[in-house]
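To keep things clear, I will list the structure first and then write my remarks on it.
The values are calculated or read from the model by the stated rules, or taken from the named source; none is laboratory data. Keep in mind it's a predicted model, so treat the numbers as computed, not measured. Please note: Cβ atoms are built from the backbone with ideal geometry, for glycine as well, and neighbour counts cover all protein chains shown.
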Amino acid sequence: MADIDNLQDGKNYYLDLPPRSTPSRIKGSNALDWGMKNRLARIFDPEDARTVMLAIDHGYFQGPTTGLERIDVTIVPLIPYADALMVTRGSLRSSIPAEISRPVVLRSTGGQSILKELSNELVAVDIDDAIRLNASAMAVQVYVGGVHEHESIGNLVNVVDAGNRFGVPTMAVTGVGKDLVRDAKYLGLATRICAEVGPHFVKTYFCEKGFSRVAAGCPVPLVIAGGKKLPELDALKMAYQAVEEGAAGVDMGRNIFQCDAPQAMIQAVRAVVHGDETPEKAFDLYLSLKSVPANR
Ligand code: R5P
């Protein structure tokens, strides 16, 4: 039995201090429940509400993508530099050590390949398995304007509803397939339609003109994909401009893992996203880190 002999009344109630209640800095998240906010705060640094997510889910429709042939060799050493890892459950279970401390954003739709219509996706992970894997969020691809637009929005509805039952956030990913134009008009339409369905953050592409309007029109955090591999300075410029114009960070894949020096590059991206470093200075950082032997 607990010792109650010396039980004392509480002494200091700080009657001069009003109750503390800290509003979330993560856009659009104030009305969420504790578990949802806690998971989001694992992905988005509570200090600046930004994130550097490392996307390695490309194999779910394009097979052994360059740089991802051996996730256990090339990706695991990058994980300590990422705020979150976007990954399929297959790669997670087979190739990522369970001891990582970084949160997982679980790719939760799939069902197509590069050989066929890209928008033809289904929900590819049950909420039970997402929770079993301790996912901090689930990711759903949505193809606004695509052949299977309706079904892909339906997938988002279903995953958001399932996640809401258990406090697991959802990230909507605007997929453009092979045909859709990545301009501000389209991205503004696609991201807003996604956000209205209720995901807790949205991933989209950056566009040179009008991105600030895309970000402002999305009531939850917007993160950008990196897209195809660019020269490093250009990728850093894109990340810089995106956060300057309202993005909450990046969910970047090829521009990191297809680099000559991925560990140097992810640290340079962090300098831009979390340190507001200029692309030029971040590129200098990349060059200096590139000359240091990488961890394996
Ligand atoms: C699409 O294939 C995946 O969802 C990727 O996560 C996404 O495209 C981001 O990766 P990247 O920066 O290589 O475009």
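Which numbered condition in (1) modelled with pLDDT of 95 or more; (2) within 16 Å of the ligand (Cβ to nearest atom); (3) not in a strand (DSSP E or B) is the only one that L180 fails?
(1)
Filter region 22-40 for residues that are in a helix (DSSP H, G or I) and under 16 Å from the mean Cα position of the chain (by Cα); which is surrounded by the fewest Cβ atoms within 10 Å (Cβ to Cβ)?
Here the answer is N38.
So, in region 244-269, how many residues would count as being closer than 16 Å to D48 by Cα, assigned to a helix (DSSP H, G or I) and more than 15 Å from the ligand (Cβ to nearest atom)?
Summing the residues that are closer than 16 Å to D48 by Cα, assigned to a helix (DSSP H, G or I) and more than 15 Å from the ligand (Cβ to nearest atom) in region 244-269 gives 1.
Being surrounded by 16 or more Cβ atoms within 10 Å (Cβ to Cβ) and within 21 Å of L156 (Cα to Cα) is the requirement here; does I193 meet it?
Numbers: surrounded by 16 or more Cβ atoms within 10 Å (Cβ to Cβ): yes; within 21 Å of L156 (Cα to Cα): yes.
Against the criterion (surrounded by 16 or more Cβ atoms within 10 Å (Cβ to Cβ) and within 21 Å of L156 (Cα to Cα)), I193 qualifies.
I'd like to know if region 197-220 contains one or more residues that are within 16 Å of the ligand (Cβ to nearest atom), assigned to a helix (DSSP H, G or I) and more than 17 Å from V176 (Cβ to Cβ).
no
Before we move on, is I224 within 16 Å of the ligand (Cβ to nearest atom), assigned to a helix (DSSP H, G or I) and touching a Phe, Trp or Tyr at 6+ places or on another chain (Cβ under 6 Å)?
Details: within 16 Å of the ligand (Cβ to nearest atom): yes; assigned to a helix (DSSP H, G or I): no; touching a Phe, Trp or Tyr at 6+ places or on another chain (Cβ under 6 Å): yes.
Spelling it out, it is not the case that I224 is within 16 Å of the ligand (Cβ to nearest atom), assigned to a helix (DSSP H, G or I) and touching a Phe, Trp or Tyr at 6+ places or on another chain (Cβ under 6 Å).
Do any helices (runs of 4 or more DSSP H) lying entirely in region 41-97 carry at least 1 residues that are within 16 Å of the ligand (Cβ to nearest atom), closer than 22 Å to E245 by Cα and over 15 Å from the mean Cα position of the chain (by Cα), and which ones are they? Give the steps one after another, and end with the answer.
Working: elements: 59-62, 71-74, 89-95.
Per the criteria, no element qualifies.
Report every pair of residues separated by at least 6 positions or lying on different chains whose Cβ atoms are under 8 Å apart, first residue within region 276-296 and at pLDDT 95 or above, second surrounded by 13 or more Cβ atoms within 10 Å (Cβ to Cβ) and in a loop (DSSP other than H, G, I, E, B).
L285/E277; Y286/A261; L289/A261
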